[in-house]
Amino acid sequence: MRTTQFVVLLCAMALPVAAQQPAPANKDSAPAPSTAAGPAASIPADPAARKLLLDDALKFVQASDARPRLEQSLNKLLEEGKQVMLQRNPGLDPKFGDEWVKRMRERVKPDDFVEITAKVYASYYTSDELQQMTQAQLALKNSKIYSLAPELSQKIKANGPRIQHDINTEISRLGSSLSIEVGQEIEKEHPEWAKPLPPGPVSAAPAPSAKK
């Protein structure tokens, strides 16, 4: 039985980002124009400009408390993943699931997921926009008011679903890779924990009718 046939994908490891919750929009306001949404053409090719943009994106994600949120929810996510894996594969020994959780907890690096999130934001916003968003997030945490430019507020609202989708996709890809890697290791070390299900009862074929 191949591990890749039953290892659960960690699609749930998406990081919620507080800054995607700006002030509620007026119900009568017009939708954001299409030109305000979508990622930038590309992250700067110039190394210095690229580093500056990624640094600003990382500061914003850190201000949004993405890392502690992941750390707080990681155990719950892994336990849920184990339960899904065991439910979908009754032939697995529960010991397999327990070992999977243990090793995944050791392998999952919150900083990797934070970096993924920062790169996604860097593909949608400029350094100046990210700096404004960081200031707004820090002000919110300190119960202060920081008004974003209307154009940026509109852009944040328009980009929110796209950004969350991109983050989910990239984090799911990394989580799936780790999950499969860990599952293959466990199956190799403990093949007795991953036995295939026994074949079900075979229905008896109807007896041929007697020839007249």
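The values are calculated or read from the model by the stated rules, or taken from the named source; none is laboratory data. Only a predicted model underlies this, so the values are computations on that prediction, with no experimental measurement involved. Here Cβ is always computed from backbone atoms with ideal geometry, including for glycine, and neighbour counts include all displayed protein chains.
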Quiz item: Does Ala136 count as of a type in the set (A, V, I, L, M) and within 14 Å of Ser64 (Cα to Cα)?
Solution: yes
Practice problem: Go through region 131-157 and give me each residue that's in contact (Cβ under 8 Å) with a residue 60 or more places away in the chain and of a type in the set (Val, Ile, Thr). | Solution: Thr134, Ile156
Quiz item: Residues in region 49-91 that are over 17 Å from the mean Cα position of the chain (by Cα), surrounded by fewer than 20 Cβ atoms within 10 Å (Cβ to Cβ) and of a type in the set (D, E, K, R): how many?
Solution: 5
Quiz item: Among the residues of region 138-170 satisfying the criterion of being part of a helix (DSSP H, G or I) and among the hydroxyl-bearing types (Ser, Thr, Tyr), which is modelled with the highest pLDDT?
Solution: Ser153
Exercise. Tally the residues that are farther than 13 Å from Asp166 by Cα and among the aliphatic types (A, V, I, L, M), restricting the search to region 115-134.
Key: 2
Quiz item: For region 63-137, list the helices (runs of 4 or more DSSP H) that sit wholly inside it and hold at least 2 residues that are acidic (Asp, Glu) and at pLDDT below 85; which are they?
Solution: none
Exercise. For residues that are farther than 27 Å from Ile43 by Cα and of a type in the set (A, V, I, L, M), scanning just region 122-147, find the one that is surrounded by the fewest Cβ atoms within 10 Å (Cβ to Cβ).
Key: Ile145
Practice problem: Being at pLDDT 50 or above, more than 22 Å from Asn168 (Cα to Cα) and either of a type outside the set (Ser, Thr, Tyr) or part of a helix (DSSP H, G or I) (or both) narrows it down to one of Ala25, Ala30, Ala57, Ala45, so name that one. | Solution: Ala45
